[in-house]
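The values are calculated or read from the model by the stated rules, or taken from the named source; none is laboratory data. Worth saying up front: this structure is predicted, and the values here are computed from it rather than measured. Glycine gets a Cβ as well: all are built from the backbone with ideal geometry, and neighbour counts include every protein chain shown.
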Amino acid sequence: MIRVAVAGPRGRMGAMAVETLVTQRDMLLVGVLDRKMAEQASTIAGAVPIYTDMETLAIESKPDVLVELTTHESVYRHAQSAIKEGIRPVIGTSGLTPEEISHLEGLCRESGIGCIIAPNFSVGAALMMKFSAIASRFMPASEIIELHHDGKKDAPSGTAELTARMMADSKGPSGGKSTAGIPIHSVRLPGLLSHQEVLFGGEGQLLTLRHDSFSRQSYMSGIKLSVREVMKRNGLIYGLDKIIDDGQQPI
Ligand SMILES: NC(=O)c1ccc[n+]([C@@H]2O[C@H](COP(=O)([O-])OP(=O)(O)OC[C@H]3O[C@@H](n4cnc5c(N)ncnc54)[C@H](O)[C@@H]3O)[C@@H](O)[C@H]2O)c1
Ligand SMILES: O=C(O)C1=N[C@H](C(=O)O)CCC1
């Protein structure tokens, strides 16, 4: 049994993650981390205790994995505390800076535990990023347009940042390691959920790679896979694409 905790259990993503994880036969939801205790509620999903600080959650519920689905303001603090407590983070929250990711990587190395950061848990988005990295070797002039619902707090999206980083890495040393060379445009509108286009311009031609999530259900398989994989791996993995092997069963 993998003992799992969820941070942000009343959010749009966290609530669906709780619903999904409690049905997994190899997982046990042992606690949730909320910003504050809801009036009169001390449990969620019937019997799962609610905590408002990581340390108490770690001591009392002893999770193996923390699924982090809160905000860019809290995720770094939660991830650091989790790793220090020997809890493996699966981070879906966007907004970690490159410096914060490097620091978490160092903490994982020191502790000898795994951590997965997946700015997008949908398999289609992971493939879009892989295909974009390949395309950028052949068509280096590119721009990213990310479009999200108007409740999204951060910009640019974590998906766009990782896509740009993978494209820059794929171009090799001349492409540079930074994402700065690849412009990212952010759109926030009601009616949208999560969408991204990567446009590659060439002489008399345009290649567009587009992914759309129409439902948050698109993220649930990636969350389940990440919880299972983080138990088997050491060190920090950045991107769901890194844990989807070619030839693996569809997730
Ligand atoms: N990786 C993915 O596939 C994926 C998919 C969707 C959203 N996201 C990201 O997940 C995050 C959450 O998205 P959302 O739409 O569910 O947001 P949301 O605003 O609906 O939910 C966030 C929840 O976190 C809670 N929270 C805030 N600070 C907290 C703290 N310190 N401790 C505990 N809980 C805290 C809030 O009360 C809220 O319930 C965002 O960063 C978003 O970009 C990632
Ligand atoms: O709804 C959101 O917020 C999403 N954020 C992720 C990001 O920042 O890339 C992607 C999935 C939806």
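Provide a single number: the residues in the range 201-214 that are outside any strand (DSSP E or B) and touching a Leu at 6+ places or on another chain (Cβ under 7 Å). Can you show your working first?
Here is the first cut: in the range 201-214, the residues outside any strand (DSSP E or B) are 203-204, 214.
So of that shortlist, the ones also touching a Leu at 6+ places or on another chain (Cβ under 7 Å) come out as 214.
Count: 1.
Quick one: in the range 189-211, of everything that is exposed (fewer than 15 other Cβ atoms within 10 Å of the Cβ) and touching a strand residue (DSSP E or B) at 6+ places or on another chain (Cβ under 8 Å), which residue is farthest from ILE144 (Cα to Cα)?
At the first step, the residues of the range 189-211 found to be exposed (fewer than 15 other Cβ atoms within 10 Å of the Cβ) are 189-191, 201-206, 208, 210.
Imposing the further condition that a residue be touching a strand residue (DSSP E or B) at 6+ places or on another chain (Cβ under 8 Å) reduces the set to 189, 201, 206, 208, 210.
On the way: LEU189: 17, GLY201: 12, LEU206: 13, THR208: 10, ARG210: 10 Å.
Per the stated criteria, the residue is LEU189.
Quick check: is even one residue across the range 175-194 touching a residue at least 60 places away in the same chain (Cβ under 8 Å), under 17 Å from the mean Cα position of the chain (by Cα) and away from ligand 2 (no atom under 16 Å from the Cβ)? Steps first, answer last, please.
Step one: of the range 175-194, the residues touching a residue at least 60 places away in the same chain (Cβ under 8 Å) are 194.
Now drop any that are not under 17 Å from the mean Cα position of the chain (by Cα), which leaves 194.
Now drop any that are not away from ligand 2 (no atom under 16 Å from the Cβ), which leaves none.
No - not one qualifying residue is present in the range 175-194.
Which of the following residues is at pLDDT 95 or above and under 30 Å from ILE87 (Cα atoms): MET129, MET167?
Numbers: MET167 fails: under 30 Å from ILE87 (Cα atoms).
Answer to the selection: MET129.
So which pairs qualify, if the first residue must be in the range 8-23 and among the hydroxyl-bearing types (Ser, Thr, Tyr), the second must be crowded, with 19+ Cβ neighbours inside 10 Å and assigned to a loop (DSSP other than H, G, I, E, B), the Cβ gap must be under 6 Å, and the two must be at least 6 apart or on different chains?
Within 6 Å, no pair qualifies.
Quick one: in the range 68-110, of everything that is among the β-branched types (Val, Ile, Thr) and under 20 Å from ALA125 (Cα atoms), which residue is nearest to ligand 2 (Cβ to nearest atom)? Talk me through it step by step, then tell me what you get.
So the first thing to find is which residues in the range 68-110 are among the β-branched types (Val, Ile, Thr), and the list is 70-71, 75, 83, 87, 90-91, 93, 97, 101.
Still in the running and under 20 Å from ALA125 (Cα atoms): 90-91, 93.
Details: VAL90: 14, ILE91: 11, THR93: 8 Å.
That would be THR93.
Looking only at the range 32-81, count every residue that is more than 11 Å from ligand 1 (Cβ to nearest atom) and of a type in the set (Asp, Glu) and tell me the total.
Residues meeting the conditions: 4.
Report whether or not GLU161 is at pLDDT 95 or above, touching a Pro at 6+ places or on another chain (Cβ under 9 Å), closer than 21 Å to GLY239 by Cβ and of a type in the set (Asp, Glu). Working first, answer last.
Values: at pLDDT 95 or above: yes; touching a Pro at 6+ places or on another chain (Cβ under 9 Å): yes; closer than 21 Å to GLY239 by Cβ: yes; of a type in the set (Asp, Glu): yes.
Yes; evaluated as a whole, the condition is true for this residue.
Taking the residues in the range 84-100 that are surrounded by fewer than 24 Cβ atoms within 10 Å (Cβ to Cβ) and over 12 Å from the mean Cα position of the chain (by Cα) as candidates, determine which candidate is nearest to SER194 (Cα to Cα).
Once the filter is applied, the top-ranked residue is THR97.
Kindly establish whether HIS72 is in contact (Cβ under 8 Å) with a residue 60 or more places away in the chain, out of contact with any strand residue (DSSP E or B) (no Cβ under 8 Å at 6 or more places or on another chain) and surrounded by 14 or more Cβ atoms within 10 Å (Cβ to Cβ). Write out each step before concluding.
Numbers: in contact (Cβ under 8 Å) with a residue 60 or more places away in the chain: yes; out of contact with any strand residue (DSSP E or B) (no Cβ under 8 Å at 6 or more places or on another chain): yes; surrounded by 14 or more Cβ atoms within 10 Å (Cβ to Cβ): yes.
Judged against the criteria, HIS72 is a match.
So how many residues does the range 127-159 have that are surrounded by fewer than 23 Cβ atoms within 10 Å (Cβ to Cβ) and more than 11 Å from ligand 2 (Cβ to nearest atom)?
The number of residues fulfilling the criteria is 15.
Out of all the residues in the range 35-43, is one or more among the hydrophobic types (A, V, I, L, M, F, W, C), surrounded by 14 or more Cβ atoms within 10 Å (Cβ to Cβ) and touching a residue at least 12 places away in the same chain (Cβ under 8 Å)? First the steps, then the outcome.
Taking the range 35-43 and keeping what is among the hydrophobic types (A, V, I, L, M, F, W, C), we get 37-38, 41.
Among the residues that remain, those that are also surrounded by 14 or more Cβ atoms within 10 Å (Cβ to Cβ) are: none.
No.
Restricting attention to the range 43-66, does a residue exist that is part of a loop (DSSP other than H, G, I, E, B), within 17 Å of the chain's Cα centre (by Cα) and outside the structural domain of GLU161 (by TED's automatic domain parsing)? Step through it out loud before you land on a result.
If we filter the range 43-66 for residues that are part of a loop (DSSP other than H, G, I, E, B), which is where we start, we get 45-47, 52-53, 62-64.
After this cut, where a residue has to be within 17 Å of the chain's Cα centre (by Cα) as well, the list is none.
The answer is no; no qualifying residue exists.
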